[in-house]
Amino acid sequence: MLRVTYIGHATLLIEIGGKRLLTDPNFDPALGKFLPRVSAPGIALEALPKLDAILLTHAHADHLSFKSLDALPDDIPLFAPPSIAGWLAKQGYRHAVGIAPGKAANLEGVTIRAAAATHKGNRYGVDRWRSATNMYLIDTNNLSTHGRNLDVALLPIGHAPWWKPGFRKGHLTSSDALSLFEMLKAKYFIPYHWGTFNHVTSTAFDAIDRLRATLQGHPLHPAVKILEPGTSFVLPTTAS
(Lines give C-alpha, C1' and ligand atoms only; values in the text may rest on other atoms or scores of the structure.)
Protein backbone atom coordinates (compact mmCIF):
# COMPACT_ATOMS: atom_id res chain seq x y z
CA MET A 1 0.00 0.00 0.00
CA LEU A 2 1.05 3.57 -0.67
CA ARG A 3 -0.68 6.30 1.30
CA VAL A 4 0.32 9.97 1.28
CA THR A 5 -1.11 12.36 3.89
CA TYR A 6 -0.62 16.09 3.57
CA ILE A 7 0.22 17.65 6.93
CA GLY A 8 1.17 21.08 5.61
CA HIS A 9 3.80 22.97 3.59
CA ALA A 10 6.50 20.35 2.86
CA THR A 11 5.51 18.00 5.68
CA LEU A 12 3.96 14.80 4.36
CA LEU A 13 3.47 11.40 5.92
CA ILE A 14 4.34 8.69 3.39
CA GLU A 15 3.28 5.14 4.21
CA ILE A 16 4.84 2.66 1.82
CA GLY A 17 6.03 -0.92 2.01
CA GLY A 18 5.01 -1.15 5.65
CA LYS A 19 7.16 1.87 6.58
CA ARG A 20 6.19 5.39 7.64
CA LEU A 21 8.33 8.30 6.45
CA LEU A 22 7.91 11.95 7.43
CA THR A 23 9.27 14.68 5.17
CA ASP A 24 10.60 18.10 6.23
CA PRO A 25 8.72 18.22 9.56
CA ASN A 26 7.52 21.70 10.44
CA PHE A 27 4.70 22.07 12.96
CA ASP A 28 5.65 25.63 13.99
CA PRO A 29 2.94 28.28 14.55
CA ALA A 30 4.92 30.83 12.51
CA LEU A 31 7.99 31.32 10.36
CA GLY A 32 10.59 33.63 11.80
CA LYS A 33 8.07 34.79 14.42
CA PHE A 34 6.35 37.14 11.98
CA LEU A 35 4.85 34.96 9.22
CA PRO A 36 1.97 33.15 10.95
CA ARG A 37 0.77 29.70 10.07
CA VAL A 38 -2.60 30.03 8.36
CA SER A 39 -3.79 26.43 8.73
CA ALA A 40 -3.20 23.93 11.50
CA PRO A 41 -1.11 20.82 10.79
CA GLY A 42 -3.23 18.12 9.19
CA ILE A 43 -1.95 15.74 11.87
CA ALA A 44 -0.90 17.16 15.23
CA LEU A 45 2.70 16.41 16.06
CA GLU A 46 1.74 14.42 19.14
CA ALA A 47 -0.76 12.38 17.09
CA LEU A 48 1.76 11.12 14.54
CA PRO A 49 2.04 7.34 14.23
CA LYS A 50 5.30 5.53 14.93
CA LEU A 51 7.81 6.63 12.29
CA ASP A 52 10.55 4.66 10.56
CA ALA A 53 12.50 7.60 9.11
CA ILE A 54 12.55 11.36 8.61
CA LEU A 55 13.59 12.87 5.27
CA LEU A 56 15.04 16.38 5.13
CA THR A 57 15.54 18.08 1.79
CA HIS A 58 17.47 21.20 2.86
CA ALA A 59 18.17 23.66 5.66
CA HIS A 60 15.66 26.46 5.02
CA ALA A 61 13.68 27.27 8.15
CA ASP A 62 10.35 26.32 6.58
CA HIS A 63 11.72 22.82 5.89
CA LEU A 64 14.03 22.30 8.87
CA SER A 65 12.38 23.20 12.16
CA PHE A 66 14.55 22.50 15.18
CA LYS A 67 11.54 22.73 17.47
CA SER A 68 9.77 20.02 15.48
CA LEU A 69 12.87 17.82 15.31
CA ASP A 70 13.28 18.11 19.06
CA ALA A 71 9.76 16.78 19.57
CA LEU A 72 10.25 13.78 17.28
CA PRO A 73 11.93 10.47 18.16
CA ASP A 74 15.73 10.48 18.03
CA ASP A 75 16.03 6.71 17.63
CA ILE A 76 15.11 6.65 13.93
CA PRO A 77 17.30 7.75 10.99
CA LEU A 78 17.11 11.41 10.00
CA PHE A 79 18.19 11.43 6.36
CA ALA A 80 19.58 14.65 4.85
CA PRO A 81 22.22 15.93 2.43
CA PRO A 82 25.66 15.10 3.91
CA SER A 83 26.58 18.71 4.73
CA ILE A 84 23.26 19.17 6.55
CA ALA A 85 23.54 15.83 8.34
CA GLY A 86 27.05 16.70 9.54
CA TRP A 87 25.88 20.07 10.82
CA LEU A 88 22.91 18.50 12.59
CA ALA A 89 25.12 15.86 14.20
CA LYS A 90 27.29 18.61 15.66
CA GLN A 91 24.11 20.20 17.05
CA GLY A 92 23.34 16.99 18.92
CA TYR A 93 21.13 15.21 16.40
CA ARG A 94 23.15 11.99 16.43
CA HIS A 95 20.55 10.17 14.35
CA ALA A 96 21.27 12.39 11.33
CA VAL A 97 22.47 10.31 8.36
CA GLY A 98 23.86 11.84 5.19
CA ILE A 99 22.75 10.61 1.77
CA ALA A 100 24.70 12.07 -1.12
CA PRO A 101 23.13 12.40 -4.57
CA GLY A 102 23.37 9.07 -6.35
CA LYS A 103 23.45 7.13 -3.08
CA ALA A 104 20.71 5.20 -1.33
CA ALA A 105 19.59 3.99 2.08
CA ASN A 106 17.56 0.86 2.80
CA LEU A 107 14.75 0.39 5.31
CA GLU A 108 13.95 -3.33 5.17
CA GLY A 109 12.34 -3.44 1.75
CA VAL A 110 12.04 0.30 1.16
CA THR A 111 14.87 2.05 -0.65
CA ILE A 112 15.41 5.81 -0.40
CA ARG A 113 17.48 7.18 -3.28
CA ALA A 114 18.83 10.73 -3.19
CA ALA A 115 19.39 13.11 -6.09
CA ALA A 116 20.49 16.73 -6.20
CA ALA A 117 17.78 19.36 -6.57
CA THR A 118 18.30 22.75 -8.21
CA HIS A 119 17.69 24.89 -5.16
CA LYS A 120 19.96 26.94 -2.89
CA GLY A 121 19.08 25.54 0.48
CA ASN A 122 21.51 27.34 2.79
CA ARG A 123 19.98 28.52 6.05
CA TYR A 124 21.66 31.91 6.16
CA GLY A 125 23.18 34.25 3.60
CA VAL A 126 26.78 33.37 4.43
CA ASP A 127 26.62 29.58 4.76
CA ARG A 128 26.91 28.45 1.16
CA TRP A 129 28.56 25.24 2.33
CA ARG A 130 25.13 24.34 3.68
CA SER A 131 23.26 24.96 0.41
CA ALA A 132 22.85 21.33 -0.72
CA THR A 133 19.30 20.23 -1.45
CA ASN A 134 18.15 16.65 -1.96
CA MET A 135 15.13 15.20 -3.64
CA TYR A 136 14.23 11.58 -2.99
CA LEU A 137 12.92 8.58 -4.89
CA ILE A 138 11.25 5.99 -2.68
CA ASP A 139 11.22 2.45 -4.08
CA THR A 140 9.74 -0.85 -3.03
CA ASN A 141 9.74 -4.18 -4.80
CA ASN A 142 5.96 -3.95 -5.17
CA LEU A 143 5.35 -0.32 -6.11
CA SER A 144 7.92 2.09 -7.51
CA THR A 145 10.52 0.06 -9.39
CA HIS A 146 13.09 0.95 -12.01
CA GLY A 147 12.10 0.53 -15.62
CA ARG A 148 8.56 1.81 -15.15
CA ASN A 149 6.81 5.12 -14.64
CA LEU A 150 6.51 6.71 -11.24
CA ASP A 151 3.36 5.92 -9.34
CA VAL A 152 3.15 9.30 -7.59
CA ALA A 153 5.12 12.53 -8.11
CA LEU A 154 5.22 14.78 -5.05
CA LEU A 155 6.12 18.22 -6.39
CA PRO A 156 6.37 21.60 -4.64
CA ILE A 157 4.54 24.57 -6.09
CA GLY A 158 5.32 28.24 -5.59
CA HIS A 159 4.14 31.63 -6.75
CA ALA A 160 6.53 33.74 -8.82
CA PRO A 161 5.85 37.48 -8.51
CA TRP A 162 6.39 39.42 -11.73
CA TRP A 163 9.15 41.50 -10.14
CA LYS A 164 11.21 38.46 -9.11
CA PRO A 165 12.31 36.87 -12.41
CA GLY A 166 14.98 34.69 -10.74
CA PHE A 167 12.39 32.78 -8.71
CA ARG A 168 12.04 30.00 -11.27
CA LYS A 169 15.77 29.23 -11.28
CA GLY A 170 15.34 27.31 -8.06
CA HIS A 171 11.59 26.86 -7.65
CA LEU A 172 8.65 25.34 -9.48
CA THR A 173 5.59 27.43 -10.11
CA SER A 174 2.29 25.58 -10.29
CA SER A 175 2.52 25.58 -14.10
CA ASP A 176 6.13 24.37 -13.97
CA ALA A 177 5.15 21.50 -11.67
CA LEU A 178 2.31 20.49 -13.97
CA SER A 179 4.68 20.49 -16.96
CA LEU A 180 7.24 18.44 -15.02
CA PHE A 181 4.54 15.97 -14.03
CA GLU A 182 3.69 15.52 -17.70
CA MET A 183 7.39 15.02 -18.56
CA LEU A 184 7.84 12.46 -15.77
CA LYS A 185 4.82 10.48 -17.00
CA ALA A 186 3.90 9.65 -13.42
CA LYS A 187 0.45 8.24 -12.75
CA TYR A 188 -0.51 10.87 -10.15
CA PHE A 189 0.71 14.29 -9.03
CA ILE A 190 0.33 15.60 -5.49
CA PRO A 191 1.27 19.29 -5.06
CA TYR A 192 2.67 20.52 -1.76
CA HIS A 193 4.35 23.66 -0.35
CA TRP A 194 1.07 25.60 -0.20
CA GLY A 195 -1.70 26.53 2.20
CA THR A 196 0.42 26.72 5.34
CA PHE A 197 2.52 29.88 5.64
CA ASN A 198 2.14 33.31 4.13
CA HIS A 199 5.38 34.55 2.58
CA VAL A 200 6.77 38.00 1.99
CA THR A 201 6.15 37.71 -1.76
CA SER A 202 2.88 35.73 -1.80
CA THR A 203 0.04 34.36 0.24
CA ALA A 204 -0.19 30.72 1.24
CA PHE A 205 -2.84 30.06 -1.42
CA ASP A 206 -1.60 31.94 -4.50
CA ALA A 207 0.15 28.91 -6.02
CA ILE A 208 -2.67 26.42 -5.43
CA ASP A 209 -5.27 28.90 -6.70
CA ARG A 210 -3.33 29.22 -9.93
CA LEU A 211 -3.00 25.45 -10.24
CA ARG A 212 -6.73 24.98 -9.73
CA ALA A 213 -7.45 27.59 -12.39
CA THR A 214 -5.00 25.94 -14.81
CA LEU A 215 -6.56 22.53 -14.26
CA GLN A 216 -10.00 23.63 -15.41
CA GLY A 217 -10.53 21.64 -18.61
CA HIS A 218 -6.93 20.34 -18.54
CA PRO A 219 -6.54 16.71 -19.73
CA LEU A 220 -4.35 15.88 -16.70
CA HIS A 221 -6.88 17.17 -14.19
CA PRO A 222 -8.05 13.67 -13.03
CA ALA A 223 -4.47 12.67 -12.19
CA VAL A 224 -3.77 15.71 -9.99
CA LYS A 225 -4.68 15.01 -6.39
CA ILE A 226 -4.88 18.21 -4.33
CA LEU A 227 -4.85 17.24 -0.67
CA GLU A 228 -6.16 19.55 2.01
CA PRO A 229 -4.19 19.32 5.28
CA GLY A 230 -5.10 16.09 7.04
CA THR A 231 -6.43 14.30 3.96
CA SER A 232 -4.78 11.34 2.27
CA PHE A 233 -4.32 9.79 -1.14
CA VAL A 234 -4.14 6.00 -1.40
CA LEU A 235 -2.68 4.55 -4.57
CA PRO A 236 -5.36 2.50 -6.29
CA THR A 237 -4.54 -1.20 -6.26
CA THR A 238 -4.82 -1.35 -10.04
CA ALA A 239 -1.78 0.99 -10.24
CA SER A 240 0.47 -1.30 -8.22
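The values are calculated or read from the model by the stated rules, or taken from the named source; none is laboratory data. All values reported here derive from a predicted model rather than from experimental measurement. Using ideal geometry, Cβ is built from the backbone for each residue, glycine included, and neighbour counts are taken over all protein chains shown. The accessibility values were calculated without ligands, DNA or RNA, using every heavy atom of the protein model including side chains. Shrake-Rupley method; radii C 1.70, N 1.55, O 1.52, S 1.80 Å.
Scanning segment 166-177 for residues that are surrounded by fewer than 21 Cβ atoms within 10 Å (Cβ to Cβ), assigned to a helix (DSSP H, G or I) and either of a type in the set (Val, Ile, Thr) or modelled with pLDDT of 65 or more (or both) returns Lys169, Ser175, Asp176.
Here is a yes/no grid of residues against (1) at pLDDT 80 or above; (2) in a helix (DSSP H, G or I); (3) more than 23 Å from Leu22 (Cβ to Cβ); (4) open to solvent by 30 Å² or more (accessible area, probe 1.4 Å):
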{"residue": "Gly147", "(1), (2), (3), (4)": "no, no, yes, yes"}
{"residue": "Leu150", "(1), (2), (3), (4)": "yes, no, no, yes"}
{"residue": "Ala153", "(1), (2), (3), (4)": "yes, no, no, no"}
{"residue": "Leu180", "(1), (2), (3), (4)": "yes, yes, yes, yes"}
{"residue": "Val200", "(1), (2), (3), (4)": "no, no, yes, yes"}
{"residue": "Arg210", "(1), (2), (3), (4)": "yes, yes, yes, yes"}
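Quick check: anything in segment 63-85 touching a Phe, Trp or Tyr at 6+ places or on another chain (Cβ under 6 Å), under 22 Å from Gly32 (Cα atoms) and in contact (Cβ under 8 Å) with a residue 40 or more places away in the chain? There is at least one residue in segment 63-85 that is touching a Phe, Trp or Tyr at 6+ places or on another chain (Cβ under 6 Å), under 22 Å from Gly32 (Cα atoms) and in contact (Cβ under 8 Å) with a residue 40 or more places away in the chain. Scanning segment 155-165 for residues that are in contact with a Ser or Thr (Cβ under 8 Å, 6 or more places away or on another chain) and either modelled with pLDDT of 90 or more or closer than 16 Å to Ile208 by Cα (or both), we see that the one that is surrounded by the fewest Cβ atoms within 10 Å (Cβ to Cβ) is Pro161. Please verify whether Val4 is open to solvent by 30 Å² or more (accessible area, probe 1.4 Å) and either in contact (Cβ under 8 Å) with a residue 12 or more places away in the chain or closer than 17 Å to His63 by Cβ (or both), treating the condition exactly as stated. Judged against the criteria, Val4 is not a match.
For every residue, the table says whether it meets (1) open to solvent by less than 50 Å² (accessible area, probe 1.4 Å); (2) at pLDDT 95 or above; (3) under 20 Å from Gly92 (Cα atoms).
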position	(1), (2), (3)
Leu35	yes, no, no
Pro41	yes, yes, no
Ile54	yes, yes, yes
His58	yes, no, yes
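Looking for something in contact with a Lys or Arg (Cβ under 6 Å, 6 or more places away or on another chain), part of a loop (DSSP other than H, G, I, E, B) and modelled with pLDDT under 95 - is there at least one such residue anywhere in segment 61-80? Looking through segment 61-80, none of the residues is in contact with a Lys or Arg (Cβ under 6 Å, 6 or more places away or on another chain), part of a loop (DSSP other than H, G, I, E, B) and modelled with pLDDT under 95.
Summed over segment 179-224, residues that are among the charged types (D, E, K, R), touching a residue at least 40 places away in the same chain (Cβ under 8 Å) and over 15 Å from Leu35 (Cβ atoms) total 2. Output the number of the condition that Gly92 fails; it satisfies all remaining conditions of (1) within 26 Å of Glu15 (Cβ to Cβ); (2) at pLDDT 90 or above; (3) part of a loop (DSSP other than H, G, I, E, B). Checking Gly92 against (1) within 26 Å of Glu15 (Cβ to Cβ); (2) at pLDDT 90 or above; (3) part of a loop (DSSP other than H, G, I, E, B), the one that fails is (1).
The residues of segment 20-55 that are under 23 Å from Pro82 (Cα atoms) and either in a strand (DSSP E or B) or in contact (Cβ under 8 Å) with a residue 40 or more places away in the chain (or both), listed by number, are Arg20, Leu21, Leu22, Thr23, Asp24, Pro25, Asn26, Asp52, Ala53, Ile54, Leu55.
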